[in-house]
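The values are calculated or read from the model by the stated rules, or taken from the named source; none is laboratory data. This one's a predicted model, so the numbers in the text were calculated from it and none came from an experiment. Here the Cβ positions follow ideal geometry from the backbone for every residue, glycine too, while neighbour counts run over all protein chains shown.
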Amino acid sequence: MKLLEKSLELKRANTSYVTATVIQADGSTPAKIGAKILVESDGKTTGTVGGGNLEKMVIRECLSAFDTAANFSKIYDLSDASEQDTQNTGMICGGSATVFFEVTIPRKKIYIFGGGHVSQALEKVIPKEKYSIIIIDNRREFASKTFHAHADEVVYAEYNSFLKKFHPEKGSFIVIVTHGHAHDYEIMKGLLENSIKVKYIGMIGSKKKVMSTVNKLKKELKDPDLSNLYSPIGVDIGGSSPAEIAISIAAEIMAIDNERPAQHLSIIT
């Protein structure tokens with residue numbers, strides 16, 4: 001499979017990968033400018049940068065790049081003597097190669113429980129290049145791609161049934177904006193009972209309803225972990241229309257994702 005086809009396949013599958021490209025080659029070297037290798041997180045490769053120890057070292061560098069998720073370049077020495085700013089490959093070709101490493105990380109997932117007006121507005125303002133949106137609703141008429149044209153996926157399911165099979169990545173975000181206080185509680189309880197750990201849980205509701213839900217959770221569950229619960233959801237921008245609430249929620253998600261301070265509406269401490 002060609003490298004471009006593979007990269008498109010991985011992007012469609014929302015899968016991480018690193019592309020290493022030879023951007024400079026000096027002297028006698030098997031690495032040619034423009035040569036590329038694509039490395040997946042499990043070590044599978046597509047393409048080549050010339051083989052030998054150089055390629056082995058480039059693959060190792062690609063695998064370590066998943067942890068930093070940052071692009072960078074590196075010079076590899078292909079002679080029998082390395083300089084201070086190069087990495088010796090153990091090869092004796094007599095040249096050097098500069099390799100650029102580009103990390104492609106899949107979009108982070110935002111799971112929105114509730115397919116009403118707020119979720120419709122929210123899916124329109126979330127940056128699509130960075131986040132993937134999944135809508136879950138227990139009403140068939142609100143769980144359709146026609147109703148949620150901007151979502152990546154729409155799921156029709158009873159909340160309890162969905163939560164039993166729910167295994168989100170730890171970096172995911174959860175937004176709870178259902179059509180009833182009882183459903184909000186049902187979802188929060190399910191998340192806690194199944195020990196689901198994510199970066200953010202935002203739950204809509206007035207301060208009174210939020211405290212009622214939290215007190216009930218504390219009463220029914222032993223020491224529930226509410227450390228990543230933000231409720232009432234959103235940051236304080238004023239306004240109460242679905243569009244304004246959606247902007248408030250989107251701002252809160254991005255502030256938390258980017259580790260920036262924000263004036264949260266949440267009363268959970």
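Laid out as a table, the results:
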item: Leu163 more than 28 Å from Ala13 (Cα to Cα), within 22 Å of the chain's Cα centre (by Cα) and surrounded by 13 or more Cβ atoms within 10 Å (Cβ to Cβ); result: no
item: Pick from the stretch 232-253, criterion among the charged types (D, E, K, R) and either touching a residue at least 12 places away in the same chain (Cβ under 8 Å) or surrounded by 16 or more Cβ atoms within 10 Å (Cβ to Cβ) (or both), ranking: nearest to Pro127 (Cα to Cα); result: Glu252
item: Strands (runs of 3 or more DSSP E) contained in the stretch 65-125 and holding at least 1 residues modelled with pLDDT of 95 or more and closer than 30 Å to Tyr185 by Cα; result: 108-113
item: Cβ pairs under 6 Å, 6+ apart, first in the stretch 177-200 and under 17 Å from Gly234 (Cβ atoms) and in contact (Cβ under 8 Å) with a residue 12 or more places away in the chain, second of a type in the set (Val, Ile, Thr) and part of a helix (DSSP H, G or I); result: Val177/Val118; Tyr200/Ile256
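Per-residue answers, yes or no, for (1) assigned by TED's automatic domain parsing to the domain that holds Ala151; (2) within 20 Å of Glu158 (Cα to Cα); (3) part of a loop (DSSP other than H, G, I, E, B):
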site	(1), (2), (3)
His179	yes, yes, yes
Ala182	yes, yes, no
Ile187	yes, yes, no
Leu192	yes, yes, no
Lys197	yes, no, yes
Gly202	yes, yes, no
Ser212	yes, no, no
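Conditions tested, residue by residue: (1) of a type outside the set (S, T, N, Q); (2) over 16 Å from Gly202 (Cα atoms).
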site: Tyr111; (1), (2): yes, no
site: Val118; (1), (2): yes, no
site: Lys130; (1), (2): yes, yes
site: Ile135; (1), (2): yes, no
site: Glu141; (1), (2): yes, yes
site: Ser144; (1), (2): no, yes
site: Asp152; (1), (2): yes, yes
site: Val155; (1), (2): yes, yes
site: Glu158; (1), (2): yes, yes
